[in-house]
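Novice: The structure that follows is given in the form of C-alpha cells.
The values are calculated or read from the model by the stated rules, or taken from the named source; none is laboratory data. This structure is a prediction, so every number in the text was calculated from the model and none was measured. Cβ sites come from the backbone with ideal geometry, for glycine too, and all protein chains shown count toward neighbours. The area values use the complete protein model at the heavy-atom level, side chains included, leaving out ligands, DNA and RNA. Shrake-Rupley method; radii C 1.70, N 1.55, O 1.52, S 1.80 Å.
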Amino acid sequence: MTPQDIIDATNTFGRYGVPEENIFQEVMRARYLDYFLFSNPSNAQYGISIEDLYENMKKTADRLGLYEGDADTYARVYTLALRVDPMAFAPGAGTARQEVRALLKEAGKKAEEAGQTILFSGAENYLPVLDDLFKDLTTKRIALAMNSPEWKEKLHMVFPRGRMMMEEELDADTEAYNYIFNWETSSIAHAASITRRLSEKGTMDVLIPYALLLENSEEAEDARKALAAEGKLVSYYDTDLGGKEYAFLRFAGEKSPAVSFGESGFEAGAFHGYDTLKLSSEDFAAADDWNIDIYAYNGSPALQSILAGNILDLDHSIGKVFEGLMPGRLSAGYYDGLSAEGISDSGIRKDLISSAPAEEGDEGIAVRSGDLVITVRDGSVKTAVIPEGTSCVLAPGILAFRPSGRYTSWYLKLYLDGPVGQLFLNTMKAGYSYHLITERILRLPLPKADDMVIREADALCCKTAESLAKAEEAWRNAKRDSVALMMGHGQA
C-alpha cells in the first residue's frame, strides 16, 4: 500500500466508527472470521448473510473486543479490512527497506519453485512483507517461526492458514520443509540446527549478521565446521542492509561441488548475487575460514600479488587507528548539513553546506575538523577531510571516520584514493554499485608508516587537494561567467 492508500483506508475506517488505534484489531478479526467461516464448504459455496457475519463477529469479543456499529456497517468494515495490507496497520511492525523486500521476494521465488512445505524463520524481522508472501504462495503450506509470543498470537489471527510457532519449538518440530528462509538473530549454531528441518532435497537461505556468523565461541566454531563439512553451501554473499553488514548464505539440498563468494546487489528492486570467487567445497572446508574479506581479496589477481608479497599487514587495519562514527541522537536546533553532492575529490564544498532544523531525538552523524567522510557519487567513491573550523551533520549515505592515533585523515584519504586503496574498495562492488559498510572499511589493511612518512603524505594530499579545489572553483566560476559572456550581448 502507498502512503496515500493508508491515509485513505484510515479515513474510511474512521467513517465506519473504527478509530486508527483499532484498525489492526478489526483487520485481525476479519482475517480470522474469513478463514474459519469459509472453511465451511457450505459457506464457501453459498456465502453467508450479513446477519450471520455480525453474529460471528460477536463471538470474537473475548479476544478482540466488540465492534459497536450495526450489522450493515460491520459488513463494510469486514470488506475493507480484507482488502488492506494488515501489517501496514500493525503497531510495532515498522517498515521494510527496499533491500529487505528484494531479499524476501527472492525467497518467495525459491519457495514457489520448492515443494509444498515452507518455513520462514525469524519472521518478526520482516513483518511488513508477510502479506505479500502469503498472497504469492497461496498453494503452499507455510510455517512462521519467531521469538515473540505476542507476534505469534497476532500473526495466527492475521494469517490463520499458516502455522505459527516459537523458534524454540523448531527443535521438536517433525515437519520436513522443502524450503526455509531464516533471518538469524541468535547464533550460527541455531541456524545450523534449523537445517535439520529440511527435507531430503530441501534448500535453505540464511541471512545472518556478519559478526554473529564469525562469533568466537566453541559452539559457533563447531557449527561452521559442520556446515562446511556437509558441502551444501552454494553461495556466500556479503550484504549491506541499511549500513549493517550481513552474510547471505544459500544452501542446496544436495552436496554442491563449489562455493561462490561475492556481493549482494539490489538493482531495480531485485536481488542479484555478484560472484567474485569460486572455490571447491572441499577446499572451503579445508580452509576452515568464513572471513569474507579473504575470499574477496583473493578474487582480485592484483590484490593476490600484493598480499603474497607481504607488502601489507592484514592485521594492521584501518580500524586499529580510526574510529567509525555511528549515528547519535541530536538535540533540537539548527545544524549545518552536508550532502553527498558537497563531497568532492578536492574536499568539502562549503557553498553546498546548508543549515536545517532537527527535532529532539533525531539521529545523525556529527563530524568535526579532521574527520574523513566517504560517499559514493556518480559511480565512484569520494573522500574528503572536514576542514578546520567546520562541523556539520551528514546526510544519509555518507560514512565518517575519526583518527584515534597518529595516523591522519589526510593519510587515509591519500591511501583510499590511490590505486591500492581503490583495489580494496573495489572488492565492495556489486555490479556498478559500491556497498560501503563502516565495519568492512575498518577491516581494510592500512600501510604502516612512521611519523615522517605520515607528515609527507599529509603535505602531499593537503597541498594537491587545495590546488584541485581552486581549479574546480575557477571552473565553476568560468561556467557561471559564460552566461554573461555568451548570452548577455546581442548578436554580432
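Novice: Applying 1/(1 + (r/R0)^6) with R0 = 51 Å to the Cβ-Cβ distance of E175 and D315, what FRET efficiency is obtained, to the nearest 0.05? Walk me through the numbers on the way to the answer.
Specialist: Values: r = 46 Å, r/R0 = 0.90.
The computed FRET efficiency comes out at 0.65.
Novice: Give, as a single signed number, the net charge of other residues whose beta carbon lies under 14 Å from the beta carbon of E20, with Lys and Arg counted +1 and Asp and Glu -1.
Specialist: Net charge in that neighbourhood comes out at -2.
Novice: Excluding residues fewer than 8 places away in the same chain, name every one of the lysines whose C-alpha is closer than 24 Å to that of K232.
Specialist: Hits, sequence-local ones excluded: K105, K109, K110, K201, K255, K278.
Novice: Now for a different question. Roll a 1.4 angstrom probe over the protein heavy atoms and tell me the percent of accessible area of the chain that is carbon or sulfur.
Specialist: Carbon with sulfur: 51 percent of the solvent-accessible area.
Novice: Any idea how far apart N11 and E113 come out in nm if each label point goes 7 Å out from Cα toward Cβ?
Specialist: Computed distance between label sites N11 and E113 equals 4.4 nm.
Novice: Computed from the coordinates I sent, semi-axes √(5λ) of the Cα gyration tensor in Å equals one of (1) 37, 27, 24; (2) 44, 24, 20; (3) 49, 33, 19. Tell me the label.
Specialist: (3)
Novice: May I ask you to give the solvent-accessible area per residue for the chain, in square angstrom, as obtained with a 1.4 angstrom probe?
Specialist: I get 49 Å² per residue for the chain.
Novice: Next question, about the same structure. Determine, for each peptide in 268-277, 3-12, 189-198, the mean count of other beta carbons within 10 angstrom over its residues, then list the peptides with the highest first.
Specialist: 189-198, 268-277, 3-12
Novice: Counting other C-beta atoms within 10 Å, and keeping those with at most 14, which DSSP coil trypsin sites (Lys or Arg not before Pro) do you find in the stretch 48-85? List each step's numbers first, then the result.
Specialist: Numbers: sites: K58, K59, R63, R76, R83; in loops: K59.
Listed in order of number, the matching sites are K59.
Novice: Mind jotting down the distance between the C-alpha centroids of the stretch 142-205 and the stretch 339-366, whole Å?
Specialist: Using only Cα atoms to place each centre, the spacing works out to 43 Å.
Novice: So which GluC sites (Glu not before Pro) in the stretch 128-204 are both in a DSSP loop and have at most 16 other Cβ atoms within 10 Å of their Cβ?
Specialist: For GluC sites (Glu not before Pro) across the stretch 128-204 that sit outside H, G, I, E and B with at most 16 neighbouring Cβ atoms in 10 Å, the list reads E175.
Novice: Let me ask something additional. Among residues other than P149 whose Cβ falls under 13 Å from its Cβ, what is the net charge (Lys/Arg +1, Asp/Glu -1)?
Specialist: In short, -4.
Novice: Moving to a separate point now. List the GluC sites (Glu not before Pro) within the stretch 333-441 that fall in a DSSP loop (any state other than H, G, I, E or B) and whose Cβ has at most 10 other Cβ atoms within 10 Å.
Specialist: Loop-located and lightly packed - E359, E360, E388.
Novice: Same structure again: Can you list residues from other chains, or at least 5 along the same chain, whose modelled amide H is less than 5 Å from the amide H of A384?
Specialist: V373
Novice: Straight-line reach only, C-alpha to C-alpha below 16 angstrom: list the aspartates and glutamates that K59 could link to, leaving out same-chain residues fewer than 8 apart.
Specialist: K59 reaches E26, D34, E51, E68, D70.
Novice: Identify all aspartates and glutamates with a Cα-Cα distance to K470 below 14 Å; exclude those on the same chain that are fewer than 8 residues away in sequence.
Specialist: Within the straight-line limit of under 14 Å, K470 reaches these aspartates and glutamates: D345, D351.
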